[in-house]
Amino acid sequence: MAVTLMSRIDPNWAWEPYRPKRESPWNLQRVAHLYRRAAFGGRWQEIETALKAGPEKTLARLLNREPDQAEATSAFYADSETQVTALLATGNVENLPAWWLNLMARTPHPLLERVALVWHGHFATSAAKVEDAELMLAQNALIRRQALAEFQPLVLGMARDPAMLLWLDSATNKKAHPNENFAREVMELFCLGLGNYTENDIKESARAFTGWEVRHREFQFNSYQHDEGSKTVLGQTGNWNGEDIIRILLEQPAAAQFLVGKFYRAFISETDDPSPELIEALAAGYRKHNYNTGWLVERILSSNLFFSEHALGQRVKSPVEMAIGVMRGLNFSVNAFALADDLRAQGQAVFYPPNVKGWDGGREWINSAALLSRMNLIWAMVSGVDNRFKSPPDLAEIAAENGFTTPAEQVIWLTNLLLGGPLPADVQLRLTALAAENDNGSQRLARVVQAIAARPEFHVA
Amino acid sequence: MLLDATRSHKLSVKPRGADMTTPFSRRRFLQTSVGTSSLVALGLDVPGFLARTAQAASLRRNGNRSKPDNVLVVIQLSGGNDGLNTVIPYADPLYAKNRILLRIPEQQIIKIDDHIGFHPSLSSFGELLEQDQLAVVQGVGYPNPDRSHFRSMDIWHSAAPKDLSPRTGWLGRALDSKAAKTTRDAAALHLGANELPLALVARETAVPSIDSLDAFRLRTSGGALTTDTLRELSQLPTQRESALAQFIQRSTLSAIDSSQRVQESLSEKSGPTTYPGYGLARKLQLVAQLIDAGMETGIYYVELAGFDTHSSQVDTHAALLRELGDSTTAFLKDLQARGQQDRVLVMSFSEFGRRVRENSSAGTDHGTAAPMFLAGAPVQSGAIGAHPSLIDLQAGDLKFHTDFRSVYAGVLDGWLGCDSSSILDGKFQPTPVLRV
């Protein structure tokens, strides 16, 4: 790929809606790319439908806006609420990751879960410390409610979220000893990023959050402990409370830039630093739309830049994205508890992020041991030989249902489905030889999938 | 700078006379008297001020002990270890004044000299000092300290405080500075389920993270798909060139190769030493097994988390220090039993210390300077540098006097055989952590 400096990208072109052209056609590669980024991965039928429907209708479907979707989606999420009730009855906080993974694998609105996962990394709160399933689920519900809506209610909700406050040791916040932890993270990690505030801004904001506390597992405002004095934060002076601080933070130009930068990394590219102009071009719209993340995500996923070489294959799949992508693509389910354990060992336990900063992503996911774990997980899921995952997909049958019966056709189908196109001819030939091997049928295609998982193309998104 | 004799007298459970008659102590006596004032070396019970004078007067240099098969084991104490309750300036009345609830009573402190001593959970570190196997570098930090966990950890990992978004770590750059890789083993290993620490992130060298050695076994469905077939398939060129895909391809090769090597090394012996039942101990035992199995990995990295003690820290902190001390000591014993002790240097650090004054929740908030530990047979044992003043503070925090990059320089130059000035952003005087 020719390397174009990111600073040379015209911001106007970048965020304009993508229209298929001769040099950038609406083809399998771009459809698979969109499904990988927006929905973890697409089923063959979804990909075929999208190829015919074109980018606009496909995006509408991914945004859950097609007329036939609303009912099914509501029913699914209503049903998942029932599961939550059952889950809470067990009281076991360690069941949460399996519950969410199962939701990601089955949801008719995968973009919602994909964005929720981004926010979970952004507001990274770990059940390892909170140790309360109900509070963790309440935070998860807050994230899901606001994932594709306005940011201000999300961050304000976090400022009052018992799980968050317990996580940041901010369950008590007294006038005489303001707790700086939440005030620091709301600037450094949630709204502005390093370099856009001073230590003094933190100290002053901490005073504004005094009296915000958790009592009996619920948020409450304790006016006796609230500092009513005047505070100066980022140049604004007044008797501020926590809501004022969040308003002040979101009035900073850095806020939209910081958040857009996060979504750039999550949806466009992890390999290049975007120019300030490129980010600002989108940040301006995010501000104008009241920090509506649904608007932001739609704009990104429909942009020229998203469908360009600057974005294609320029992210590393996280372990969760990789596993859920294969499950959705091949339309099978596995024991979610075993899957959660495996992903935890790979460093991505949902509900248990490693620290307040969440998962760094990108190359940080890649090292030799991680690749062994990734290859071993894919092998375990599709071969069924490993006793953790008992019901492997019948790959030959799924291939046949889609009309692919010969080894050569099946290999092309698998690479199209999992990679968005064929591998180099010599690799493709070797895979076909594996698929044609003369022994028991299901393992033949499982071996092809395992070989695909040893290819670098499989690990990028 | 060392207080061997003074300190060992205080720690000794044996009568000093008996101690001094053992050949081992006599040897140490002779060694010590070369480098420090004879007064201190005599092992008399000198008052603290004399000891400190001796410290200031005897300038030591860092030994050059670099050899190709040296091993560095880094223990990261995540969360910000309360240095003030780790190496405690018990003789300073300001200690008790600032630590009303958290103060360790003087009679419980493992005394190093008339001024400082270890938290009681670090009794095994007292033994290591006795055995000349522990260096305590006091007052370590860096200019313009940052109290954010992530920023400060990034600074310690990158050793480049001015770089706001560092891409490589100091150990990663050390790996890259070495000549082309000649062995099949990973140059460094991270033992942990978390992401690879930035310290180990290199431009060229891929460093694996493993949680258990079983993770190093590549599973296949057999038949035509052997490990060798998988290796070949993984290395065939990609359709379109991309730096990211190439990086993944190199890491895949390293993955398949290390898998075979580790399986070979594991079929060998396990050691005779008993380890305590801690997570850190389990990881260090794996490190000892790998070293003894002849793995040519030069750097192992492990983490002990939980030091972010904002509230009710007494029991938590005591338990963490116990885990650190007892696990490290068991590891060094094991290495000795396996005859590997001279190849291995252990270093521990935390992203910052904590405020001098405790907070209102019986905890401590983010601070600045704190001690670092270097352990093992190769170290120049004893306390290095004075405890930072409890009165001359900076915004309620201890002032550092030793830049952490000086300690890194001591390790890079004297142990890993690198040129520290090309790895750190500038020239730092190596802290004398290694025996001459």
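Scanning the range B:113-150 for residues that are touching a Leu at 6+ places or on another chain (Cβ under 8 Å), charged (D, E, K, R) and over 23 Å from B:Leu345 (Cα atoms) turns up just one, B:Asp113. Is the range B:369-392 home to any residue that is outside any loop (DSSP other than H, G, I, E, B) and farther than 25 Å from B:Leu128 by Cβ? Looking for residues that are outside any loop (DSSP other than H, G, I, E, B) and farther than 25 Å from B:Leu128 by Cβ, one finds none in the range B:369-392, hence no. Pairs needed: first member in the range A:365-377, more than 7 Å from every other protein chain (Cβ to nearest Cβ); second member anywhere, among the polar types (S, T, N, Q); C-beta distance under 8 Å; at least 6 residues apart or different chains. Between residues of the range A:365-377 that are more than 7 Å from every other protein chain (Cβ to nearest Cβ) and residues that are among the polar types (S, T, N, Q), the close pairs are A:Trp365/A:Ser318; A:Arg374/A:Gln346; A:Leu377/A:Gln346. The requirement of being part of a strand (DSSP E or B), within 14 Å of chain A (Cβ to nearest Cβ), touching a residue at least 40 places away in the same chain (Cβ under 8 Å) and not polar (S, T, N, Q) is fulfilled somewhere in the range B:339-357, by at least one residue.
Consider the range A:195-223 and keep the residues that are more than 19 Å from A:Leu165 (Cα to Cα) and not in a loop (DSSP other than H, G, I, E, B). The one that is farthest from the chain's Cα centre (by Cα) is A:Asn200. Taking the range B:223-238 as the range and being facing chain A (nearest Cβ under 7 Å) and in contact with a helix residue (DSSP H, G or I) (Cβ under 8 Å, 6 or more places away or on another chain) as the test, the residues that pass are B:Gly223, B:Ala224, B:Leu225, B:Leu230, B:Leu233, B:Ser234, B:Leu236, B:Thr238. In this structure, B:Leu196 does not satisfy being within 20 Å of B:Met295 (Cβ to Cβ) and either modelled with pLDDT of 80 or more or among the basic types (Lys, Arg) (or both). Checking the stated criteria, A:Ala380 turns out not to satisfy the condition of being within 10 Å of another protein chain (Cβ to nearest Cβ), in contact (Cβ under 8 Å) with a residue 60 or more places away in the chain and under 19 Å from A:Leu339 (Cα atoms). Filtered by the rule that a residue be more than 14 Å from chain B (Cβ to nearest Cβ) and within 18 Å of A:Ser205 (Cα to Cα), the range A:145-167 gives A:Gln152, A:Val155, A:Leu156, A:Gly157, A:Met158, A:Ala159, A:Arg160, A:Asp161, A:Met164.
If the condition is being within 30 Å of A:Gln29 (Cβ to Cβ) and surrounded by fewer than 20 Cβ atoms within 10 Å (Cβ to Cβ), then the range B:221-244 contributes B:Ala224, B:Thr229, B:Arg231, B:Glu232, B:Gln235, B:Leu236, B:Pro237, B:Thr238, B:Gln239, B:Arg240, B:Glu241, B:Ala243. Scanning the range A:91-134 for residues that are among the basic types (Lys, Arg) and modelled with pLDDT under 95 yields one hit, A:Lys129. Within the range A:168-194, residues that are more than 9 Å from chain B (Cβ to nearest Cβ) and under 12 Å from A:His226 (Cα atoms) reach partners that are in a helix (DSSP H, G or I) and charged (D, E, K, R) with beta carbons closer than 6 Å, at six or more positions or on different chains, in the pairs A:Pro178/A:Arg207. Residue under question is B:Ile299, and the condition is that it be touching a strand residue (DSSP E or B) at 6+ places or on another chain (Cβ under 7 Å), more than 13 Å from every other protein chain (Cβ to nearest Cβ) and within 24 Å of B:Val136 (Cβ to Cβ); does it hold? For B:Ile299, the condition - touching a strand residue (DSSP E or B) at 6+ places or on another chain (Cβ under 7 Å), more than 13 Å from every other protein chain (Cβ to nearest Cβ) and within 24 Å of B:Val136 (Cβ to Cβ) - is met.
Among the residues of the range B:202-216, which ones are under 25 Å from A:Gln348 (Cβ atoms) and surrounded by 14 or more Cβ atoms within 10 Å (Cβ to Cβ)? Selection gives B:Ala202, B:Thr205, B:Ala206, B:Val207, B:Pro208, B:Ser209, B:Ile210, B:Asp211, B:Leu213, B:Ala215, B:Phe216.
Being touching a residue at least 12 places away in the same chain (Cβ under 8 Å) and either under 17 Å from A:Glu298 (Cα atoms) or of a type in the set (A, V, I, L, M, F, W, C) (or both): is that true of A:Arg36 here? In short, yes.
This table checks each residue for (1) surrounded by fewer than 19 Cβ atoms within 10 Å (Cβ to Cβ); (2) within 30 Å of A:Leu339 (Cβ to Cβ); (3) modelled with pLDDT under 95; (4) away from chain B (no Cβ under 14 Å).
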| residue | (1), (2), (3), (4) |
| --- | --- |
| A:Tyr224 | yes, no, no, yes |
| A:Thr232 | yes, no, no, yes |
| A:Trp240 | no, no, no, yes |
| A:Ile246 | no, no, no, yes |
| A:Thr271 | no, yes, yes, no |
| A:Phe307 | no, no, no, yes |
| A:Ala323 | no, yes, no, yes |
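Conditions (1) without any contact (Cβ under 8 Å) to a residue 24 or more places away in the chain; (2) buried (at least 20 other Cβ atoms within 10 Å of the Cβ); (3) part of a loop (DSSP other than H, G, I, E, B), marked per residue:
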position	(1), (2), (3)
A:Gly329	no, yes, no
A:Val334	no, yes, yes
A:Ala338	no, no, no
A:Leu343	no, yes, no
A:Ala349	no, yes, yes
A:Asn355	no, no, yes
A:Trp359	no, yes, yes
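Restricting the range B:81-96 to residues that are in contact (Cβ under 8 Å) with a residue 12 or more places away in the chain and among the aliphatic types (A, V, I, L, M), the residue that is surrounded by the most Cβ atoms within 10 Å (Cβ to Cβ) is B:Leu84. Would you check if A:Phe123 is more than 24 Å from A:Arg344 (Cα to Cα) and among the aromatic types (Phe, Trp, Tyr)? It is false that A:Phe123 is more than 24 Å from A:Arg344 (Cα to Cα) and among the aromatic types (Phe, Trp, Tyr). Among residues of the range B:210-222 that are more than 7 Å from chain A (Cβ to nearest Cβ), those with a Cβ under 7 angstrom from a residue that is among the hydrophobic types (A, V, I, L, M, F, W, C) and surrounded by 13 or more Cβ atoms within 10 Å (Cβ to Cβ), sequence gap 6+ or separate chain, pair up as B:Leu213/B:Val262; B:Leu213/B:Leu266; B:Leu213/B:Leu286. The set of residues from the range B:245-282 being more than 14 Å from chain A (Cβ to nearest Cβ), surrounded by 17 or more Cβ atoms within 10 Å (Cβ to Cβ) and at pLDDT 90 or above comprises B:Tyr275, B:Tyr278, B:Leu280, B:Ala281.
Listed here are the helices (runs of 4 or more DSSP H) enclosed by the range A:389-461 that have at least 2 residues being away from every other protein chain (no Cβ under 12 Å), surrounded by fewer than 21 Cβ atoms within 10 Å (Cβ to Cβ) and among the charged types (D, E, K, R): A:395-401. Scanning the range A:276-321 for residues that are under 20 Å from A:Leu418 (Cα atoms), in contact with a helix residue (DSSP H, G or I) (Cβ under 9 Å, 6 or more places away or on another chain) and not in a helix (DSSP H, G or I) gives A:Phe306, A:Phe307, A:Ser308, A:Ala311, A:Leu312, A:Gly313, A:Gln314, A:Arg315, A:Val316, A:Lys317, A:Ser318. Taking the range A:135-164 as the range and being more than 22 Å from A:Asp244 (Cα to Cα) and either charged (D, E, K, R) or touching a Gly at 6+ places or on another chain (Cβ under 7 Å) (or both) as the test, the residues that pass are A:Arg144, A:Arg145, A:Leu148.
Scanning the range A:28-67 for residues being out of contact with any helix residue (DSSP H, G or I) (no Cβ under 9 Å at 6 or more places or on another chain) and farther than 26 Å from A:His310 by Cα gives a total of 2.
The values are calculated or read from the model by the stated rules, or taken from the named source; none is laboratory data. Only a predicted model underlies this, so the values are computations on that prediction, with no experimental measurement involved. Neighbour counts run over all protein chains shown; Cβ positions are idealised from the backbone, glycine included.
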